[in-house]
Each structure stands twice: as structure tokens, then as C-alpha cells.
Amino acid sequence: MATQLSYTSGTSTQPLLGITIGDKFDQTAAQFPLHDALIVHHQDKRFTYQELKNEVDNAAKAFLSLGVAKGDRIGMWSPNCYEWTVTQFATAKIGAILVNINPNYRQHELEYALNQSGCRILVTADTYKTSDYVATLFALAPELQQCPKGQLQSEKLPHLETIIKLGTKEKQGMWRWADFMTEAEHTTTEALENRQNSLSFDEAINIQYTSGTTGFPKGATLSHHNILNNGYFVGEIMKFTDKDRLVIPVPLYHCFGMVMGNLACITHGATMIYPSATFEPAAVLKAVEREKATAIFGVPTMFIAELDLPDFASYDLTSLRTGIMAGSPCPIEVMKKVQSIMHVPEMEIAYGMTETSPVSTQTRVGTPLEKQVGTVGQIHPHLEVKIINPETGLTVPIGESGELCTRGYSVMLGYWNNETATKSAIDAARWMHTGDLATMDTEGYVKIVGRIKDMIIRGGENIYPREIEEFLYTHPKISDVQVIGVPDVKYGEAVMAWIRLRDGEAIDLEEVRAFCYNQIAHYKTPQYIRISDSFPMTVTGKIRKVEMREISVHELGLGDVAQIKMA
């Protein structure tokens, strides 16, 4: 009898959407013109679908009046706001490629993203918290001090011609958003329709820079077909309808916000709700209560922060039905709390990566609890997944761990202007190699057991940090934990746990080791711990274990050990 291999494909009675983002948005606006489309609490803005379409069309016309051609790159550098979403759909309507720029980027990173993508236009916030976006731009392009708006000729930013600034203050060389929007008067509705009708759903529409842990970020280039369908099927699996109201506290610049959030909503006539410019746990729960939200998104650290609020029990969250937790592995205990005391019985896990638009697998409503909390679900419709031996490339038998690969409509067009990186990620058969270690069971449920690069090899034993993290989460004093490998003379690597404690608690290494005794294998027991209030992470909630390792090597004085070459 042949061995069953770790391969599955997603069947569906629902066909893929063969349409551009702009056309689908218009269809939804025509079908639900008076439904709430977008609610932004921190800006006190509310739009019906008809009102949002009017804003989007005006922005699209204004871009056309500035001479934007199909395929031109338009950067968006801002925390969450209504203008972000207007720009997202306006660029889609005119075939410009939206370049998502991390709001946490500083001068060097911004310069790289603008030049690598060749942005002609940048829409930017003015300031937010400690970031002065305008001052950064004047430092990068001092030519702004003398140039008329829309006519920048910068030595350091040779492609950039136009900067459109959010906010009301006048700044030399820049359009204000309100003034930019008046440019719509110079473009006819017919001109916009002609441009929109000239677009193909296979064309690039979005560049998202992956938060690389080494080297420069790479620009994952995504099409209408990639992200519109991914957002649509995320919503389908969540059983979204026009009655759903989704709180989106995750950043729009990332796929979680703009695809799983915005595009899931606009493909179903649902409501997008932004509680704050960047994540604030109390604002999220206030938005749920005030708007009678039915759905909520977040990475695990966000849900942990919400559950830890001292006044958590005072919020009425009973309107919630569903949601998605994604971005990094979800602790089982956290999921159980979200499903019970947060009143989200249909909370789902989604797994993927920017390069796959982003979702490849998702849990479904009605699956057994151990599958809901212990796996990342089953394959998405119209996609394929296999798990391979990274060294041989062969598909491994069911139950064995290997590298997860995915194929289908969701796989990016490639990395922008980076053929070498594209070829190293997507093989000749169009499989995207994720770099994640996973297993698959006989029902096609996928479990992520770690990153190939995160795996700890201690004295020849392969150790998956996720397994130790799940165990340590069950300790009553521990609120959050991340496990890494650090250099060790004897074993090559040793296990270290970064621990965030519950309020008022204390713990030491001996207590942690006693807790592990006879519960997990001795070689998995942490040799070091570090008590920390927070973990280094990207803005999207992905833990930066490379940075944690660097900090730990320095603090433990293991620099010399790290230099020892292992066989």
C-alpha cells in the first residue's frame, strides 16, 4: 500500500472572482449604497458605501489629473486612517501600483522603499507619536524647500515627483490632501471609466515590503487577482455577509489589514471599523461595544493585551461572532479565553505570508476544539499545499515535518525588480517555499511547528520552540513566552525562554525548570530565562527572534561562543 503523502488541494463550489478590485468595489457600492462601509473612530469619520465610492472616485480622478499612468507606483506612508483606504481603492481603479510603506520606517528605510519601487507619488501622514514624517522627507529631499508642489527633483529620491500630505498644515513643496482632492474637477468621469475599463485583473496592483530579518526588505508584488480573491475567500470561510461589522486594529499597510480586512469587507458589503491609528487595546473593545461589531481581527499579542485590560469585564462584547487570529502562533490558552470570555465562539486561525496574498490555510467553524486551537486549519479554496523534505525536495509522508510549500492564484507575481530573490522563493513549478516547518494530518489539517531558521539543534536533537512555548504558557504566572536558541560550547545551542509575567508575579530559572521536570524532555528544558515586559517584534506582530538572540548573546556574554564554528 502506497504511503499517504502530505499534499492537499482546496476544492470549492465558489469560483474565483475574475474581476478587478475597482470593478468589484463598484458592484458592492451599487448593491449596498446605504450600508455602513467605513467607520474611523479616531478621525470621527463615517461613510456609507455610496459616500465612500464618491471619495474613492474623486481621489482616482485627482490622481489622473496629476498625470498618473497605469503601472506608476504610489506610496502610502501612514498609520491607519480613512485616507489610506481611499488611496487603496483609488489606485486600484486607475491601475497604479500601491506601495505599502511601514509607518515605523525611518529615513534610511523610507529612502530604500521609495527608490527600490520607483515611487512617483507619496501620500504621507504629517506626524504620528514620535515620528515626524514631514521632517524626515525634508531631510531626505531638501529640494522641497524651493520646488513648487508636484515638481520635486531630488538627488536622493530621483523617481519621486509629488508628495501629498495628510493633515491641514501647509508645507512647502507638498500638496495637502484636501487641495489634492479638488484636482478631481479637472478629470471627467468618462476618463476614469476609460482607465478602469482598460485594466486586467492579472496586472500588478500592490507592492508590500516583507519585514526581512536579514538584509533589505523585498517587495512582494501582488495582482488584483491575488488579493481580491484572497480577501473574498477569507470572508467566505468566516461566513461574512453584508450584516457583518469588522473591527480592524491591525495595520493597513500589511495584508492582514488591507486584504483580509478591507477586501474581505468590500467583497461582502460588510463594514470596516478602525478603532485607532495604531493598536490600542481599550480602543478596540470600545469600538466593538459602540458599533455592535460581529467580527474582530488581531495577532495573538493584541488579544493578550485586550484580555489583560483591568476593566476587560466592563465591555459588552456579546455582539461578536467571529474573527481571525494570525501573524504568529496562537497560544492555546489564549484562544480558549477569546472563544469564551471574549464571546467569539467562531474565532478562526489563518496562516500565510505576504507573498501568498496572504492566506493559505484557515480553520473553519465547527471543527473540533483541538483542531481549532492546535492547527492553522485546512487549505483555502483553489490552492494547493505540500510539505517537503527541504534537502531532497520530495513530499514527506503524512505526519512528518518538512517545509510547507503552497501554489495557486495567491502566489505573488514575484519580488519587485529582484529576479534572484524571486527564483529562490518560487520554484519552476510555481510552488512558493515558505521557510516554515509544518506537519499535515490525514484530514489535511496543517500544524506549523517552527521556522527552518528558528529550529534549535541541541546536541543533534531538533527542538521546535513552539512546542516549549505551548507548554510554558500553561504556567499560571506566565502571560507570554518566546523560546530561542543561544550558542553553547558543549551542545552547539542551548534553549532560552523570554518570559512576560502576569502583573505582580515573580519567577526564577529554578521554578521554570521544576515546572518542566518530567513534563517535557530534559533537553527541551530552558537553560536560560529572561524576564521581559515586551518582545522585539515587527509592526505586524511577528516576533523578531533574530533580534532576541542578538540581545541574549550580548547579555549572557556568549559572543565568543557564537564565533565557534560547528561541524
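The values are calculated or read from the model by the stated rules, or taken from the named source; none is laboratory data. All values derive from a computational prediction rather than experimental measurement. Quick reminder, even Gly has a Cβ in these numbers, built from the backbone with ideal geometry, and neighbours come from all protein chains shown. The protein model used for the area step is the full one, side chains on, heavy atoms only, and it has no ligands, DNA or RNA in it. Shrake-Rupley method; radii C 1.70, N 1.55, O 1.52, S 1.80 Å.
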task = Leaving ligands, DNA and RNA out of it, rank Arg530, Arg290, Arg513 by accessible area with a 1.4 Å probe, largest first.
result = Arg290, Arg513, Arg530
task = Could you point to the residue in Ile121, Thr87, Thr8 farthest towards the positive end of the stretch 1-130's charge dipole, with +1 and -1 charges on the Cβ of Lys/Arg and Asp/Glu respectively?
result = Thr8
ask   = Along the positive direction of the dipole of the chain (beta-carbon charges: Lys, Arg +1; Asp, Glu -1; about the Cα centre), which of Thr420, Phe138, Val373 reaches farthest?
value = Thr420
inquiry  = For Phe216, Phe240, give me the order by solvent-accessible area with a 1.4 Å probe, most accessible first, ignoring ligands, DNA and RNA.
reply    = Phe216, Phe240
key: Charge dipole magnitude, Cβ of K and R +1, D and E -1 - the stretch 261-338, Cα centre, debye nearest 20   = 240 debye
task = Taking the chain as the reference, fit the longest principal axis to its C-alpha atoms, fit the long axis of helix 224-237 to the helix C-alpha atoms, and give the angle between the two in degrees, 0 to 90, nearest 10.
result = 60 degrees
query = So what's Rg/Rh here for the stretch 296-421, counting alpha carbon atoms and using the Kirkwood radius for Rh?
reply = 1.05
task = Just grab the label-to-label distance for Thr11 and Ile531, each label 7 Å out from Cα along the Cβ direction, in nm (one decimal).
result = 5.6 nm
query = Assigning unit charges at the beta carbon (Lys, Arg +1; Asp, Glu -1) and nothing else, what dipole magnitude in debye, to the nearest 20, does the stretch 379-481 show about its Cα centre?
reply = 220 debye
ask   = Looking at the stretch 1-96, which trypsin sites (Lys or Arg not before Pro) are in a loop (DSSP not H, G, I, E or B) and have at most 14 other Cβ atoms within 10 Å?
value = Lys70
query = Relative to the longest principal axis of the chain, what angle (0 to 90°, nearest 10) does the C-alpha long axis of helix 49-65 take?
reply = 70 degrees
Cα shape, the stretch 19-97, gyration tensor, a/c 1.5 rule = oblate
request  = Would you calculate the separation in nanometres between label points at Asp242 and Lys423, each defined as 7 Å from the Cα along the Cα-to-beta-carbon direction?
outcome  = 5.0 nm
query = Between rounded, prolate and oblate, where does the stretch 423-567 land on the alpha carbon gyration tensor, with a ≥ b ≥ c its root eigenvalues, rounded for a/c under 1.5, else prolate if a/b exceeds b/c?
reply = prolate
key: Accessible area in the full protein assembly, largest first, 1.4 Å probe, for Ile341, Ile468   = Ile341, Ile468
message = Taking 0.36 nm per residue of sequence separation and subtracting the Cα-Cα distance, how much length would be gained by fully extending the chain between Ala313 and Val365, in nm to one decimal?
response = 16.2 nm
query = How many percent of the accessible area of the stretch 120-180 is carbon or sulfur, using a 1.4 Å probe?
reply = 48 percent
task = Please determine, in degrees from 0 to 90 and to the nearest 10, the orientation of helix 107-117 with respect to the longest principal axis defined by the Cα atoms of the chain, where the helix direction is its Cα long axis.
result = 70 degrees
message = If I stretch the segment between Ile452 and Gln153 completely, what's the gain in nm (0.36 nm per residue apart, minus their alpha carbon distance), one decimal?
response = 103.2 nm
query = Can you list the lysines whose alpha carbon sits under 19 Å from that of Lys286, skipping same-chain ones fewer than 8 residues off?
reply = Lys45, Lys337
request  = Place +1 on the Cβ of every Lys and Arg and -1 on the Cβ of every Asp and Glu in the chain, take the dipole about the Cα centre, and give the residue among Pro465, Pro300, Phe515 whose Cα lies farthest towards its positive end.
outcome  = Pro465
Two-decimal Rg to Rh for the chain - Kirkwood Rh, Cα set = 0.97
task = Compute the distance in nm between two label points, each set 7 Å from the Cα along the Cα-to-Cβ direction, one at Glu400 and one at Glu203.
result = 4.6 nm
key: Translational diffusion of the stretch 484-567, µm² s⁻¹ [Kirkwood Rh, Cα pairs; Stokes-Einstein; 10 °C; 1.306 mPa s]   = 112 µm²/s
task = With 5 Å bins from zero, work out the P(r) of the stretch 99-234 over every alpha carbon pair and list the percent per bin.
result = 2, 9, 16, 18, 19, 17, 13, 7, 1, 0
ask   = For the pair Asp179 and Arg290, what calculated FRET efficiency results from E = 1/(1 + (r/R0)^6), where r is the Cβ-Cβ distance and R0 = 35 Å, to the nearest 0.05?
value = 0.60
query = Could you give the dipole magnitude of the stretch 466-567 about its Cα centre, charging the beta-carbon of Lys and Arg +1 and that of Asp and Glu -1, in debye to the nearest 20?
reply = 300 debye
task = Report in % the part of the accessible area of the stretch 241-355 that belongs to carbon and sulfur, leaving out ligands and nucleic acids; probe 1.4 Å.
result = 59 percent
